[in-house]
Amino acid sequence: MTPIAGGVALNLAFGFSILAVITLFLHTRNGDQRLFLTGQRLALGISFFIFLATFILAFQLIQSNFDIDYVARYTSLETPFIYKISALWAGQSGSLLFWLFILSIYTTIVILQNQRKHNSLMPWVIITLVIVQIFFLILTNYVTNPFKPTDADFIVTNGNGLNPLLQNVTMVIHPPMLYLGFVGFSVPFGFAISALINGDTSPLWIQSIRRWALVAWLFLSMGIILGGWWAYRELGWGGYWAWDPVENASFMPWLTATAFIHSIIIQEKKDMLRLWNMSLIIMTFTLCIFGTFLTRSGVMSSVHSFTASSLGPIFLTFVFLIIVVSFGMMYFRRNELKSPRKMESFTSRESGFLFNNMVFVVLCFSVFWGTLFPVISEAVRGTKITVGPPFFNQMNIPIGLILLALTGIGPLLAWRKTGRKSLIRNFTFPILTGLSTATILLFVGFRGYVVISFSLGAFVTATIGTEFARGIYARRKKFDESIIKALIRMVSKNRSRYGGYVVHIGIVFMFVGFTGQAFDDEKEFSLTVGETDHVAGYTFELIQLSEAERANHYAWISDLRVTNKEGKFVTNLHPEKRIYFHNNPDPNRRQPHSELDIYTTMNQDIYSIFSGVDSENGVAFIKIMVNPLVRWVWVGGFILVFGTMVALWPRKD
Amino acid sequence: MNSNKKFFLMITGIIGMVIFWISWVSMNPADEKAMTTFVSVDELINDNINRRTKLGGLVKDGSIAISKTNYLDCTFVLKEGNTELDVKYGRTRPDLFKDGVEVIVTGQYLNGVFYADELQTKCASRYEGDLRNESSYNLNEIDS
Amino acid sequence: MIDFIRDYGLILILFILPVIFALQPLFLPRIEKIHIQLDVAELKRKKLLIYRQIKELEMEYDIGNINENDFISGRATLKKEVSEVIAALKSL
């Protein structure tokens, strides 16, 4: 397989995509089924060619064919195999091809899954998906082509290789996971646009896209959490979220997507909130494309940014087109989007969901504002401003807490209207739980957001517990089942609902973890062997300072012994200071890196960084951070994933 | 008031509250570290700006001096174009901090020296460097 | 010429086959019957969906999330819907 074949495959994909759109469009005009079949097959052909191009590029990466510019920039002969594969999405053009690759997988599945379904919707679904492909095909064919040959006046016998900071497993999983999420929302978007064009508001297609949206949401959630995990473990600043523009770019679609997967339940059950749902999925998809753009345009300076390039204006144009066309279609179909029923009471589950939508959108707008404020400010006032985490935290914490409260209130509301008796019966126990938690916390000395956050967490947990109890009780009244059996059958018959409740428990855990940040403590100090210092009630003694020369780096290793207030041994920590490529005659290629060591319990993390060394005098410079409750975030993440899998578990009937 | 009107009133009220909240936070950040103005080194010196600011530039070659008494303290010279500025920084230095790198410092300017409490280096994760020319060095030692 | 085909044979096949695959349906006679097949499948799915909705409504009522009147009228509506679908299926 030659790299030329790769370029040709991309060209053919582009050609097929134009033909597919034309063919399918003609089909919608004259109804000729043959045109639909051909259009479908052309679309499958696009996917085929993109798969081919991706495999060819992967093959070139594995073979270390440095005649291709992309291979020379992101791999070297020394790069381990797995990172040669992950180089596929490490660079700009490769990552765009990878985006296409994932979109092709999804498109293929959608086409094959729906050969006998949704016959009226499918043509426009495929057209929409193919148009998205066209956009990325234009980029990879004509603007930034992964198969571009190397252009140097010497023979490139070895590539640049992958930065050691990126050589860990999380970086292999995090981008693909995010892409699986971002790209995944194309499918519900395609269905939504198709339904708009056809004026179709029946609940049948809504059920299909709910599953797709949930799958995409799962991947996006995992991608975001993995990104935080990586930042915490590898970057060494002791945190997992910095409100960095690229982080925000993935968080915003997550917010609107979460609103969507909730709100669409209402459309399925009561055929309400049509306008909201249409807007939410359009916003989600737009934000996914916008997010892809933010990481590439150089508009925002961020830990992640790719170098500034011509991609920015092209992406912006695409985003603009999506917004104009989608909202234009919505206006055109505004009559069909009017729900036949009206919201009847503020204490109804329907209005709870409506309120939920609003809060999510507000939060999304708030993050959007904070992210773009520097750009707007520069355009309007000429001064460059940077916005830091304290700004985002100040704005978003109250909104986040309102959301947490809603998580608890929602399930306790009845459809249409919750009667007074039900209100009292449902809310008493959870509210009491919340209030007593608050009382205890205030008594112990906590104040402010910490109290609110933990109390709401208790409130929500009590709500979810109540929900499970009510369901089991209702089943046992009707059937003669043991508690366990009732629980299993109940969950099994309502996977979405109870899976969703489990996800909410995960969210509560994560909020507990977030709240722990209020108690973070840190200290920087220097130690010689035998010396000790103290942070947050722990004593750190430097037992040993050693050096080691390893395969591709040189390391100074500090051996720290940690004891607590009572003198009891807690753990040993071995943070290292490494220099990669230490023998490289070019000092700019030598890369220092702090390999941190973390001791983690549910209670807190002890986070140690070896910041610097004075080897002549045997002095180690250590930074210690004690971060309470961080583990709750990761545990919460697992629970969230588990709950989503329960919700997605397919049914047999 | 019929329920429709009540509804619209509630929505308007909420939107009003949101706009108020966001604008209020934007104008009154609780933490001085919430928002900082990015200025050029020239502007900083010429206008003698004393409020919290952010500067960008390169680390002048050979200018990094680490204190003998406290390893964490260091001084260096920030170069933006032709303008130079003395910077003092007293916290853990990022791994990539060395001669010639692009940095962003945040802090305060007082009496000719910039006291930085934040120092960031441009991340090398997108390694868009030049292609490696083998003939210029021998890489055998790096092989495992 | 033969060398060319031998070297690039695989590539030619990979590039030409999809074209043939895609254009093939255009040469078939006009298809009509497929509509009825699809309608049956669609109606069956709709029936299943409505049955599930009835079951869920019953569960909501058992838990107490919906009052008696709403439950009775909601169930009646759904039952009417499903009988229409069943009648439509029978006619096909």
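Key figures
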read-out	value
Strands (runs of 3 or more DSSP E) fully within segment A:510-566 counting 3 or more residues that are touching a residue at least 40 places away in the same chain (Cβ under 8 Å)	A:521-528, A:538-549, A:553-563
Residue in segment A:326-334 that is in a loop (DSSP other than H, G, I, E, B), closer than 18 Å to residue A:199 by Cα and of a type in the set (Ser, Thr, Tyr) present	no
So residue A:55, is it in a helix (DSSP H, G or I), crowded, with 21+ Cβ neighbours inside 10 Å, within 12 Å of another protein chain (Cβ to nearest Cβ) and not acidic (Asp, Glu)	no
Pair list, Cβ < 8 Å and 6+ apart or interchain, from segment C:23-43 residues that are among the hydroxyl-bearing types (Ser, Thr, Tyr) to residues that are at pLDDT 75 or above	none
Index of the failed condition, residue A:371 passing every other in (1) away from chain B (no Cβ under 11 Å); (2) free of Cβ contacts under 8 Å to residues at least 24 places away in the same chain	(2)
Filtered residues of segment A:402-448 (kept if of a type in the set (Lys, Arg) and within 35 Å of the chain's Cα centre (by Cα))	A:416, A:447
Meets criteria (within 29 Å of residue A:222 (Cα to Cα), within 14 Å of chain B (Cβ to nearest Cβ) and either buried (at least 20 other Cβ atoms within 10 Å of the Cβ) or more than 24 Å from the chain's Cα centre (by Cα) (or both)) for residue A:611	no
Residue in segment A:446-467 that is within 13 Å of chain C (Cβ to nearest Cβ) and free of Cβ contacts under 8 Å to residues at least 12 places away in the same chain present	no
Any hit, segment A:170-192, residues being assigned to a helix (DSSP H, G or I), within 26 Å of residue A:124 (Cα to Cα) and within 14 Å of chain C (Cβ to nearest Cβ)	no
Lone qualifier among B:23, B:40 - being within 30 Å of residue A:367 (Cβ to Cβ) and touching a strand residue (DSSP E or B) at 6+ places or on another chain (Cβ under 8 Å)	B:40
Counted residues, segment A:620-653 - those being outside any strand (DSSP E or B) and touching a strand residue (DSSP E or B) at 6+ places or on another chain (Cβ under 8 Å)	3
Single residue of A:359, A:380 found to be among the β-branched types (Val, Ile, Thr) and buried (at least 19 other Cβ atoms within 10 Å of the Cβ)	A:359
Close pairs from segment B:5-19: first within 12 Å of chain A (Cβ to nearest Cβ), partner not small (Gly, Ala, Ser), Cβ under 7 Å, at least 6 apart	B:7/A:343; B:14/A:358; B:18/A:362
Single match in A:284, A:307, A:292 (criterion: at pLDDT below 85 and assigned to a helix (DSSP H, G or I))	A:292
Unique match (being within 14 Å of chain B (Cβ to nearest Cβ) and more than 20 Å from residue A:227 (Cα to Cα)) among A:603, A:617	A:617
Of all residues in segment B:12-70 being part of a strand (DSSP E or B) and hydrophobic (A, V, I, L, M, F, W, C), the one that is surrounded by the fewest Cβ atoms within 10 Å (Cβ to Cβ)	B:65
Per-region count, segment A:469-488, residues away from chain C (no Cβ under 11 Å) and at pLDDT 85 or above	7
Options A:66, A:48; residue that is over 32 Å from the mean Cα position of the chain (by Cα) and of a type in the set (Phe, Trp, Tyr)	A:66
Verdict on residue A:497 being part of a helix (DSSP H, G or I) and farther than 30 Å from residue A:225 by Cβ	no
Residue within segment A:22-30 that is away from every other protein chain (no Cβ under 11 Å), assigned to a helix (DSSP H, G or I), under 30 Å from the mean Cα position of the chain (by Cα) and crowded, with 23+ Cβ neighbours inside 10 Å present	no
Residue match in segment A:415-433 (condition: of a type in the set (Gly, Ala, Ser) and either more than 10 Å from every other protein chain (Cβ to nearest Cβ) or in contact (Cβ under 8 Å) with a residue 40 or more places away in the chain (or both))	no
Tally of residues being among the β-branched types (Val, Ile, Thr) and facing chain B (nearest Cβ under 9 Å) across segment A:580-600	0
Filter pass, residue A:14 being surrounded by fewer than 23 Cβ atoms within 10 Å (Cβ to Cβ) and at pLDDT 90 or above	yes
Residue in segment A:338-348 that is at negative phi and part of a helix (DSSP H, G or I) present	no
Segment A:58-82 - residue that is crowded, with 23+ Cβ neighbours inside 10 Å and assigned to a helix (DSSP H, G or I) and, of those, nearest to the other protein chains (Cβ to nearest Cβ)	A:72
Which listed residue, of A:515, A:539, is in contact with a strand residue (DSSP E or B) (Cβ under 7 Å, 6 or more places away or on another chain) and not small (Gly, Ala, Ser)	A:539
Qualifying positions in segment A:513-530 - buried (at least 21 other Cβ atoms within 10 Å of the Cβ) and among the β-branched types (Val, Ile, Thr)	A:515
Residues within segment A:594-620 that are among the polar types (S, T, N, Q), free of Cβ contacts under 8 Å to residues at least 60 places away in the same chain and over 21 Å from residue A:234 (Cβ atoms), tallied	1
Number of the exception - residue A:119 against (1) at pLDDT below 90; (2) more than 10 Å from chain C (Cβ to nearest Cβ)	(2)
Odd one out for residue B:108, checked against (1) at pLDDT 85 or above; (2) of a type outside the set (A, V, I, L, M, F, W, C); (3) surrounded by 16 or more Cβ atoms within 10 Å (Cβ to Cβ)	(3)
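The values are calculated or read from the model by the stated rules, or taken from the named source; none is laboratory data. What you are looking at is a predicted structure, and each value in this text was computed from that prediction instead of being measured. As a convention, Cβ positions derive from the backbone with ideal geometry for all residues, glycine included, and neighbour counts pool all protein chains shown.
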